[in-house]
Amino acid sequence: MSPDLSTKIGTLRLERPTMLASGILGISLEVFSRIHKSGAGAVVTKSLSKEPWEGYPNPTIVGIKGGYLNAVGLSNPGAPYFAKMISPNKTIPIIVSLVGSIEEDFEFMVKQFENVHVMAYELNLSCPHVEKVGLEVGDDPNLVTKIVKKVKSMTKVPIISKVGLGTTNYLDTVKAAMDGGTDAITAINTIRAMGIDVETQRPLLSNKIGGLSGPAIKPVAVRCVYEISSKYDIPVIGCGGVSTWEDAVEFILAGASAVQIGSAIGDGWIDVFSEVNKGIANYMEQKGFSKIQEMVGLARNF
Amino acid sequence: MDLQEISNRSSIRVIEKIIDETPTVRTLVFSDDTLSNVLPGQFAMVWIPGVNELPMSVMVSEEKGKAAFTVRKRGVSSTALYDLQVGNQIGVRGPYGNSFRIKDGKILLVGGGTGLVPLLRLAKFAKPTNEVIILMGSKTKEEMFFEDMANKILAKNKHQVITCTEDGSYGKKGFVTDVMEALMQDTKFDGIYTCGPEIMMYKVVQMANSKNTFVEASLERMMKCGIGICGSCCMDESLVCHDGTVFDGQFLAKSQEFGHTHRTKSGILENY
Ligand SMILES: Cc1cc2nc3c(=O)[nH]c(=O)nc-3n(C[C@H](O)[C@H](O)[C@H](O)COP(=O)(O)OP(=O)(O)OC[C@H]3O[C@@H](n4cnc5c(N)ncnc54)[C@H](O)[C@@H]3O)c2cc1C
Ligand SMILES: Cc1cc2nc3c(=O)[nH]c(=O)nc-3n(C[C@H](O)[C@H](O)[C@H](O)COP(=O)(O)O)c2cc1C
Ligand code: FES
């Protein structure tokens, strides 16, 4: 019998353990559908704000050794537009990512989705390149607790808090999100970084500083997943540099119940989901696992 | 990994020559072995340091080892590219996207403005046995360019360059699509290729489809990454930078967005 690839992240059940990471390809229902069909167990939307944002001028994404630097500037069509756009959806497991500065921002946005089929919310507490939102919020544990509590009070769907590496110890941010009632944690977002073109002597990104993603950050992300799941009793979704089934299994062994994939799509296209899923299934068969849950956090036994 | 890095990070190039095509269109020539050999329809992301990075089709250059961009000044960024001087630096990465599939036999190229850029490269890739008709349109005589270039590129082929202007100041009077309709009355083409304003392409594709003639169009959508990560170029379920920019008539006939809507920088659908 082929192994069961479904997984549980707290109360959230996914058919497959690979998800589309926030900010990658996610602005239309048709594209979400295509990515779902290509094997993703869920898709996370671009982080949505109250109003539409154009984002920064280009260059916003540059390839570097080991991954990408990006400072897209959270360009998105805004939560109201987006909620209307995805409202016909019945079949795609969509997780809505939200970004804002204060509780009221999130309150406003969650209201937009009241009558829309949403699988979960992912609160972006970790974007490293836009002022007053993302990581600046994640760095303020009191604010994190308040925001999570607010969203939790408004909806029955699970709340996932996405953390990154800011100036506050991210483990304190995780704790703050748990105090607010978060159902799960995604770790990690991109890591603040920059690159400079030596020929023109200018920063590569228009915003100068951006976030690093891709294989370069994987060991850091694996460490974070391991630390979070060792320290707290909370389901974790691993994110950062997954491009092969080995990467995904590594995150699962570190304590992740599922993984998100972003940058790898730029290198190997959306086939990456089915390839990683297939690789995980083969591995499970070889090692005699019948469920993903049996593997979660095994590396912590040592 | 090395290859990825090479193609996804800009290489700095120096503008060597500038050709004024019209009062608002210029061709900037630079040395680049990779870009000088791209397939017809492929594009590059062009970094104007300190300003922006834009998608641009790669123009053919008559000199070996050289590539070019032909830019029309529109907003701030394309104007900054247009205003560059010989000796200025730009960054280029690519080539990206797919390319036209050139059919045997008699082919028709329909374009306007900078949409002619990929079509001229297609002309360059035409087989010696292809008979090629290029239909180029502009508003006025002043805005017509690339006619000589087209004749030169197709010197070895049986060919014809037909020009038309909306005000009748040069060539035939009318829209390229009117001229195309007349042409299709008595000529059967084996392939039709188009690039230019979307409304024009929409009509070209409709006409070709109605006659069951193979047709391909190279589309433009808002592009930020150019490599299938950011999603800004999506059209229906396609990512134009990755799955296109060239799509065929059968595919386009099913599109909800082609000829009707495109997305803004924030991702909101807007009517053409
Ligand atoms: C694959 C491709 C090939 C292209 N080839 C050429 C070419 O050979 N020559 C040429 O002159 N132009 C070409 N363009 C169009 C060119 O990229 C835009 O006209 C240019 O980016 C306008 O920039 P702007 O900032 O001056 O204008 P803005 O005032 O910012 O915008 C004017 C309009 O240009 C379009 N536009 C703006 N930014 C982008 C962007 N990043 N990507 C796509 N469209 C944009 C939008 O429709 C917008 O409404 C191409 C576009 C694409 C997608
Ligand atoms: C172009 C780009 C845009 C991103 N946008 C968002 C975003 O809007 N919200 C968010 O939470 N994370 C965003 N991220 C971070 C990713 O979701 C992910 O956490 C990070 O890229 C690490 O995973 P990866 O190595 O698989 O890409 C973005 C990443 C990239 C590369
Ligand atoms: S331009 Fe980014 S996905 Fe096409």
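Looking at region A:205-252, which trypsin sites (Lys or Arg not before Pro) are in a loop (DSSP not H, G, I, E or B) and have at most 16 other Cβ atoms within 10 Å?
A:208
With r defined as the distance between the Cβ atoms of residue A:233 and residue A:30 and R0 fixed at 35 Å, what FRET efficiency is calculated, to the nearest 0.05?
Computed FRET efficiency for residue A:233 and residue A:30: 0.35.
Using the Cβ atoms and a cut-off under 9 Å, what net charge is assigned to the surroundings of residue A:22, where Lys and Arg are +1 and Asp and Glu are -1?
On the way: positive: A:46, A:162; negative: A:122.
Within the 9 Å Cβ shell, the charges total +1.
Tell me, what are the semi-axes, in whole angstrom and largest first, of the equivalent ellipsoid of chain A as set by the roots of 5 times the Cα gyration tensor eigenvalues?
Each semi-axis is the square root of five times an eigenvalue, giving 26, 23, 20 Å.
When the Karplus curve 6.51 cos²θ - 1.76 cosθ + 1.60 is applied with θ = phi - 60°, which whole-Hz ³J(HN,Hα) does each residue of region B:127-132 get, with x for Gly and Pro?
Per residue, the Karplus-derived 3J(HN,Hα) values read 6, x, 7, 5, 9, 10 Hz.
Over all directions, what mean area does the Cα convex hull of region A:92-166 project, stated in square nanometres? Don't skip to the end; give the middle numbers.
Details: hull surface 18.9 nm².
Taking the Cα atoms of region A:92-166, their convex hull projects to 4.7 nm² on average.
Counting protein heavy atoms only and a 1.4 angstrom probe, how many square angstrom of accessible surface do chains A and B bury in total, to the nearest 100?
In total, this chain pair buries about 3300 Å².
Amide H of residue B:17: which non-local residues (sequence gap of 5 or more, or other chain) have their own amide H closer than 5 Å, using H built in the peptide plane?
Under 5 Å from the amide H of residue B:17: B:29.
Largest first and to the nearest Å, give the Cα extent of the protein assembly as shown along each principal axis.
Principal extents (largest minus smallest coordinate, Cα): 76, 51, 46 Å.
Share of region A:7-301's accessible area from carbon and sulfur, percent, 1.4 Å?
With neighbouring chains kept in place, the figure for region A:7-301 is 50 percent.
Using label points projected 7 Å from each Cα along Cα→Cβ, tell me how many nm separate residue A:102 and residue B:73, to one decimal.
A separation of 4.4 nm, rounded to one decimal place.
What ratio of Cα Rg to 2.2 N^0.38 Å holds for region B:1-135?
1.06
Is there a simple number for the mean count of other chain Cβ atoms within 10 Å of the Cβ of residues in B:232-243, and what is it?
Working: counts 7, 2, 7, 3, 5, 9, 4, 7, 0, 0, 5, 2.
Per residue, the average neighbour count from other chains is 4.
Under 1.5 on a/c is rounded, so check that first for region A:157-302, then, if it is not, pick prolate when a/b is larger than b/c and oblate when it is not; a ≥ b ≥ c are the square roots of the alpha carbon gyration tensor eigenvalues.
oblate
How crowded by other chains is B:37-49, given as the mean number of beta carbons from other chains within 10 Å of each beta carbon?
Taking the mean over all residues of the peptide, I get 2.
Pop the C-beta distance of residue B:104 and residue B:140 into the FRET formula with R0 = 41 Å and round what comes out to the nearest 0.05.
Taking R0 as 41 Å, the efficiency between residue B:104 and residue B:140 is 0.70.
If you project the alpha carbons of region B:106-271 onto the principal axes, what extent comes out on each, in Å, largest first?
Here the Cα extents, ordered largest to smallest, are 43, 33, 28 Å.
Put a dot 7 Å past each Cα toward the Cβ at residue A:300 and residue A:172; how far apart are the dots in nm?
Label at residue A:172, label at residue A:300, 2.3 nm between them.
Between 0 and 90 degrees, rounded to the nearest ten: what's the tilt of helix B:198-210 against the longest Cα principal axis of chain B?
For helix B:198-210, the angle is close to 40 degrees.
For region A:207-247, state which chymotrypsin sites (Phe, Trp or Tyr not before Pro) are in a DSSP loop and have at most 16 other beta carbons lying within 10 Å of their beta carbon. Let's see the in-between values first.
Working: sites: A:226, A:232, A:245; in loops: A:232.
Hits after loop and neighbour filter: A:232.
About the Cα centre, and with charges only on the beta carbon of Lys, Arg (+1) and Asp, Glu (-1), how big is the dipole of region A:244-296? Nearest 20 debye, please.
Roughly 200 debye for region A:244-296.
Give me the net charge of residue A:77's neighbourhood, meaning all other residues with Cβ under 13 Å from the Cβ of residue A:77; Lys, Arg count +1, Asp, Glu -1.
Values: positive: A:46, A:50, A:84, B:263, B:265; negative: A:51, A:54, B:270.
Surrounding charge for residue A:77 is +2.
Sort the following peptides by mean Cβ neighbour count (other Cβ atoms within 10 Å, averaged over residues), highest first: B:76-84, B:230-238, A:89-97, A:126-134. Spell out each step's value before the answer.
Values: B:76-84: 17.0, B:230-238: 23.9, A:89-97: 19.0, A:126-134: 20.8.
So the order, starting with the most tightly packed, is B:230-238, A:126-134, A:89-97, B:76-84.
What are the ³J(HN,Hα) couplings of region A:75-90, residue after residue, when phi is run through the Karplus curve with 6.51, -1.76, 1.60 and θ = phi - 60°? Round to Hz, x for glycine and proline.
Here the 3J(HN,Hα) series is 4, 6, x, x, 4, x, 4, 5, 4, 5, 4, 8, 4, x, 5, 10 Hz.
Given R₀ = 25 Å, what would the calculated FRET efficiency be for residue A:246 paired with residue A:209, taking r from the Cβ atoms and rounding to 0.05?
Calculated transfer efficiency: 0.20.
If you take each beta carbon of peptide A:19-28 and count the beta carbons of other chains within 10 angstrom, what is the mean?
Partner Cβ neighbours, averaged per residue: 4.
Just report the Cα centroid separation between region B:232-247 and region B:85-123, whole Å.
17 Å
The values are calculated or read from the model by the stated rules, or taken from the named source; none is laboratory data. Not measured: the values here are computed from a predicted model. For neighbour counting, all protein chains shown are included, and Cβ atoms are generated from backbone atoms with ideal geometry for every residue, glycine included. Protein only, heavy atoms only, side chains kept; ligands, DNA and RNA dropped before computing areas. Shrake-Rupley method; radii C 1.70, N 1.55, O 1.52, S 1.80 Å.
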